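We did not get these values from a lab; they are worked out from the coordinates using the rules stated. These numbers were taken from a predicted model, which means no experiment stands behind them. Here the Cβ positions follow ideal geometry from the backbone for every residue, glycine too, while neighbour counts run over all protein chains shown.
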Amino acid sequence: QQKVQQSPESLIVPEGGMASLNCTSSDRNVDYFWWYRQHSGKSPKMLMSIFSNGEKEEGRFTVHLNKASLHTSLHIRDSQPSDSALYLCAASDSNNRIFFGDGTQLVVKP
Amino acid sequence: EAAVTQSPRNKVAVTGGKVTLSCNQTNNHNNMYWYRQDTGHGLRLIHYSYGAGSTEKGDIPDGYKASRPSQENFSLILELATPSQTSVYFCASGDAQGEVFFGKGTRLTVV
């Protein structure tokens, strides 16, 4: 069973809208979470990390983490067409193994 | 910026043949990883390493071997390639905080 589950699988939002992506881990050994973004034909690049409960904001991007439920979410406000990409959630365990979910394919329509 | 270089970038192999994918990092990171990504999907962990001489099995190690002869180099070996191993393979190195830096990927087609 996959250790990291993401939803939705795909998401279409209008330009200027809000995109909300979810991620949950089924492994209680998971410590930290990351969000990566992968544009078509490219390699993934780290977007944001969150290690403790609460919220973290960087520009138009906000991540939330609830460690008790092992749930994290990524919110993108004022979405732009350049935000269209595959968003991957990653979680690490105490052995520094990094597991990825299947991703959310985001399309921002002009 | 962290640098991870994979070679080759594209490879066509025959079923039953041996394939070696190479990865070099100049970040001096202890941790290195091999993932595969099938079209439209996420990354699945094949093997990883904590340093020179160490290799560990990830989630899908069957049909793959790994080798870490030095801090900089981490290879993925397919002894008997099968069409089901057609995929894009990403090598990555990880820093002490756990951030992972990826190479550009190798597109492998097994015919």
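Note down the Stokes-Einstein diffusion coefficient of chain B in µm²/s, whole number, using a Kirkwood radius over alpha carbon pairs, 20 °C, and 1.002 mPa s. Could the numbers behind the result be given before it?
Numbers: Rh = 13.7 Å.
After rounding, the answer is 156 µm²/s.
Can you tell me, using C-alpha contacts under 8 Å and at least 6 residues apart, the relative contact order of chain A as a whole percent? Mind showing how you got there, number by number?
Values: 278 pairs, mean separation 41.7, N = 110.
Once divided by the residue count of chain A, the mean separation gives 38 percent.
What is the Cα centroid distance between segment B:36-111 and segment A:25-54, reported in whole angstrom?
After rounding, the separation between the Cα centres reads 18 Å.
Counting other Cβ atoms within 10 Å, keep those with at most 16, restrict to DSSP loop, and tell me which GluC sites (Glu not before Pro) in segment B:1-106 are left. Could the numbers behind the result be given before it?
Numbers: sites: B:E1, B:E56, B:E72, B:E79, B:E99; in loops: B:E1, B:E72, B:E79, B:E99.
Here the sparse-neighbourhood loop sites are B:E1, B:E79.
Over chain B, what is the relative contact order in whole percent, taking alpha-carbon pairs under 8 Å and six or more residues apart?
Values: 296 pairs, mean separation 39.8, N = 111.
Contact order relative to length: 36 percent.
Once the Cα atoms of the protein assembly as shown are picked out, what are the Rg and Dmax in Å?
When restricted to Cα atoms, the protein assembly as shown yields Rg and Dmax of 17.4, 51 Å.
Just to be sure I understand the model, the point goes 7 Å from the Cα along the line to the Cβ. What's the resulting B:A3 to B:R107 distance in nm?
Taking the two extended label points, one gets 2.5 nm.
Which of the lysines could be linked to A:K56 by a straight reach, that is with a Cα gap under 17 Å, when you skip same-chain ones fewer than 8 residues away?
A:K67
With a Förster radius of 30 Å, plug the Cβ-Cβ distance of B:K57 and A:I12 into 1/(1 + (r/R0)^6) and report the FRET value to the nearest 0.05. Spell out each step's value before the answer.
On the way: r = 38 Å, r/R0 = 1.27.
Efficiency computed from Cβ-Cβ geometry: 0.20.
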